1. Just to verify a result, which residue in region 355-377, among those that are surrounded by fewer than 15 Cβ atoms within 10 Å (Cβ to Cβ) and of a type outside the set (K, R), is nearest to G7 (Cα to Cα)?
2. When you scan region 30-47, do you find a residue that is modelled with pLDDT of 95 or more and at positive phi, even just one?
3. For the condition in contact (Cβ under 8 Å) with a residue 24 or more places away in the chain, in the same structural domain as K135 (by TED's automatic domain parsing) and surrounded by 15 or more Cβ atoms within 10 Å (Cβ to Cβ), what is the one hit in A182, A227?
4. Under 6 Å between Cβ atoms, at least 6 apart or on separate chains: pull out the pairs that start in region 371-387 with a residue that is touching a residue at least 24 places away in the same chain (Cβ under 8 Å) and end on any residue that is in a loop (DSSP other than H, G, I, E, B).
5. How many residues are under 30 Å from L11 (Cα atoms) and in a loop (DSSP other than H, G, I, E, B) if we restrict to region 131-190?
6. Take R376 and tell me if it is charged (D, E, K, R), within 25 Å of R45 (Cα to Cα) and assigned to a helix (DSSP H, G or I).
7. Select from region 117-174 the residues that are surrounded by fewer than 20 Cβ atoms within 10 Å (Cβ to Cβ) and in contact with a Gly (Cβ under 8 Å, 6 or more places away or on another chain) and list them in ascending order.
8. Within region 304-327, track down each residue that is more than 16 Å from T239 (Cα to Cα) and under 23 Å from the mean Cα position of the chain (by Cα).
Amino acid sequence: MSGPLEGVRVLDLTSNFMGPFAALLLADMGADVCKIESRAGDTSRGVGTGRNPGMGPIFLHLNRNKRSLGLDLKHADAKAALRRMLPEADVLMYSLRPASMARLGLSYAEVAEVNPRLIYAGAFGFGQGGQYADKPAYDDLIQASVGMPVLQSRKVGAPEYVATAIADRVVGMAMSNAIAMALYRRERTGRGQEVQIPMFETFAQFVMGDHLYGHTFEPPIGDWGYARMMNPDRRPYQTTDGYVGVNVYTDAHWQRFFALVERPDLLADPRFATISARTENFGVLLPLVAEIFATRSTAEWLQLLGEADIPVIAMNTPESLLDDPHMKDVDFFRVEEHPTEGLIRTMGIPQTWSESAPEQRFPAPQLGGNTRELLREYGFSDDEVQSLVSEGAAFEK
């Protein structure tokens with residue numbers, strides 16, 4: 001075992017993307033994550049093609065460093081087994097709606113009676129004080145609910161979702177942060193607590209920090225929306241043979257850029273002299289810049305702008321990123337042997353630590369692949385484990 005969360009035991013009742021991403025971040029930091037799955041398994045097991053059923057690529061990336069315990073929580077003995085595990089755990093995390101947890105006999109009040117030191121963390125659609133409290137939620141719904149597709153429409157002409165599960169991932173990060181902070185608080189006070197991480201409010205904070213904009217003031221001073229972010233010309237610039245990502249951002253950047261491309265007219269133009277002026281005139285400036293970038297190759301721009309200390313990078317595709325020289329230097333993408341799936345490509349843990357360095361300990365598990373060992377580690381005898389399996393309360397691969 002290794003990592004700053006070494007020794008922290010997590011009972012993980014989450015599934016799909018959001019909760020498992022939160023649990024992944026904890027597991028990568030050394031937490032011992034017991035992934036509790038129903039007979040149907042985590043829904044992400046079936047996403048994408050794979051070599052074996054239930055072991056798709058999304059699941060493999062979301063669930064390394066975890067072990068799978070198969071429990072049928074519709075079975076009374078499985079519920080009793082889970083309650084018996086609670087005193088040995090530090091964290092119980094879930095992504096069901098709170099009403100569903102209560103129906104399972106796992107409300108915070110019931111759990112805290114068994115283990116008052118437990119961190120009880122739930123991530124679900126909506127805060128429980130509002131009229132949406134009982135609504136279901138998924139990434140697309142939350143993107144729509146906070147206006148993300150409308151913000152995108154300023155760029156592309158019709159409302160559309162961002163091409164990644166951004167709400168799930170952002171809320172998952174917030175969940176892992178909340179759990180880590182609650183654990184820190186427990187170290188100081190000795191007390192556990194309930195933490196609720198609603199998707200709607202969490203993602204609204206993430207998006208509206210940029211886009212509340214003029215409505216920050218009452219009465220509003222101008223429109224909502226950070227104009228630079230929504231401008232349709234804010235995109236990678238096409239070169240003669242590819243694309244580059246460029247951030248000509250500060251006043252000094254722009255002055256050096258205009259001088260480099262020999263455009264004294266733009267250097268002297270008051271519309272582009274300050275960040276405030278440029279913000280108001282990006283609709284004019286960015287098409288001009290796009291025309292300039294189309295005159296040279298990617299390699300030329302990388303050299304010229306690099307020498308001028310203007311932020312620039314070549315645009316990758318997901319495939320070419322695998323061969324990015326920096327990624328190779330840091331050994332981020334690795335090909336490893338999975339015990340059941342053969343050779344798979346994994347991603348490294350992005351952070352570096354001078355002490356308690358985390359590492360990959362377990363590959364993503366098969367459904368119920370660790371049932372017996374986990375139950376034994378939580379105090380069940382071999383006979384008790386066999387009884388749970390024989391009665392169908394627990395199951396194994």
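1. Looking only at region 355-377, we keep the residues that are surrounded by fewer than 15 Cβ atoms within 10 Å (Cβ to Cβ), and these are 355-357, 359, 373, 376.
Still in the list and also of a type outside the set (K, R): 355-357, 359, 373.
On the way: E355: 16, S356: 12, A357: 14, E359: 14, E373: 17 Å.
Ranking the qualifying residues of region 355-377, first place goes to S356.
2. Yes, there is a match, as at least one residue in region 30-47 is modelled with pLDDT of 95 or more and at positive phi.
3. Values: A227 fails: in the same structural domain as K135 (by TED's automatic domain parsing).
Just a single option satisfies the conditions, and that option is A182.
4. Every condition considered, the pairs that remain are T371/E396.
5. Looking only at that region, the number is 11.
6. Values: charged (D, E, K, R): yes; within 25 Å of R45 (Cα to Cα): no; assigned to a helix (DSSP H, G or I): yes.
When the stated conditions are applied, R376 does not pass them.
7. Selection gives R117, Y132, A133, K135, P136, L141, R154.
8. Within region 304-327, P318, E319, S320, L321, L322, D324, H326, M327 meet the criteria.
The values are calculated or read from the model by the stated rules, or taken from the named source; none is laboratory data. This structure is a prediction, so every number in the text was calculated from the model and none was measured. Positions of Cβ are backbone-derived with ideal geometry, glycine not excepted, and every protein chain shown enters the neighbour counts.
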